[in-house]
1. All but one of (1) touching a His at 6+ places or on another chain (Cβ under 9 Å); (2) farther than 27 Å from Ala234 by Cβ hold for Pro24; which doesn't?
2. Name the residues in region 160-206 that are among the small types (Gly, Ala, Ser) and buried (at least 22 other Cβ atoms within 10 Å of the Cβ), would you?
3. Take the conditions polar (S, T, N, Q) and touching a residue at least 60 places away in the same chain (Cβ under 8 Å) and apply them to Ser111. Does it pass?
4. Give me a count of the residues in region 10-28 that are touching a helix residue (DSSP H, G or I) at 6+ places or on another chain (Cβ under 7 Å) and more than 11 Å from Val76 (Cβ to Cβ).
5. Of the conditions (1) on the phi > 0 side of the Ramachandran plot; (2) surrounded by 18 or more Cβ atoms within 10 Å (Cβ to Cβ), Gly105 clears all except one; give me its number.
6. Every residue in region 86-113 that is under 23 Å from Leu196 (Cβ atoms) and outside any loop (DSSP other than H, G, I, E, B), please.
7. Determine whether Asp126 is within 26 Å of Thr181 (Cβ to Cβ) and acidic (Asp, Glu).
8. Limited to region 43-70, what total is found for residues that are of a type in the set (S, T, N, Q) and more than 16 Å from the chain's Cα centre (by Cα)?
Amino acid sequence: MTERFSADRGGPMVVATGLVRDYPSGDGTVHALRGIDLRVERGQLVAVRGRSGSGKTTLLNLLGGLDRPNAGQVMVDGDEVTTMNESALVDFRRRTVAFIFQAFGLLPILSAAENVEVPLRLVRADPRARDARVEELLDLVGLGSRAGHRPHEMSGGEQQRVAIARALANRPKLLLADEPTGQLDSHTGHAIMGLLRTVVRTEGVTAVVATHDPALLDLADRVVEIHDGLLTEAAPAAPVAPV
């Protein structure tokens, strides 16, 4: 029987079991993930560390339904992602999970507010509620005064803040961030991780963040490490002071 978890019972947000993902490469095969198990409790900020090519992005793609494993199971908020059809996956990615990428991914012709508004338009949110949510989120990420600016008029850190606001637009339960500070300097990167920490608390979201930057790991509730497609528990993270 498929294991199912209920929010009312306070079960975990993510349970991944036995994840295997292989890719063909020339005459051989790349074993990106070799049987990974991962459990993420609700409201946690979990950092996944590892070198480039270790399998971090592959793991996030499987958790978010962007890819399917060769073997194993992914459960998110009690639903089995690995058996969803394409229609169900589209709805899952619009309402349950959200992504933040290293390259920001903002639409260059749209303002900050319009970029944040895009996911709300996709689910046909009420215009008044949509406008209020955009304003709320830009204030949350400290960009209320920059709502009308386009990406080329903002710094890298500001663009990533807009990307975070956009990811939160439809109140996702799970936030997946793939090297969200990879294009930022260390000071700005630490500020972005601090913002993600604040978002986990204020929005009640669960977050899994892939990073190879050891300076950012102290802000996580928990750190796991991928090496050669295998997952291990890292040393417990230090207690995090309020941001």
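The values are calculated or read from the model by the stated rules, or taken from the named source; none is laboratory data. From a predicted model like this one, the values you see are computed outputs, not experimental measurements. Positions of Cβ are backbone-derived with ideal geometry, glycine not excepted, and every protein chain shown enters the neighbour counts.
1. So Pro24 meets the others, but not (1).
2. Ala163, Ala165, Ala167, Ala169, Ala177, Gly189
3. No: the conditions fail for Ser111.
4. 2
5. If we test Gly105 against (1) on the phi > 0 side of the Ramachandran plot; (2) surrounded by 18 or more Cβ atoms within 10 Å (Cβ to Cβ), just (2) comes out false.
6. Selection gives Phe92, Arg93, Arg94, Arg95, Val97, Ala98, Phe99, Ile100, Phe101, Ala112, Ala113.
7. For Asp126, the condition - within 26 Å of Thr181 (Cβ to Cβ) and acidic (Asp, Glu) - is not met.
8. Result for region 43-70: 3.
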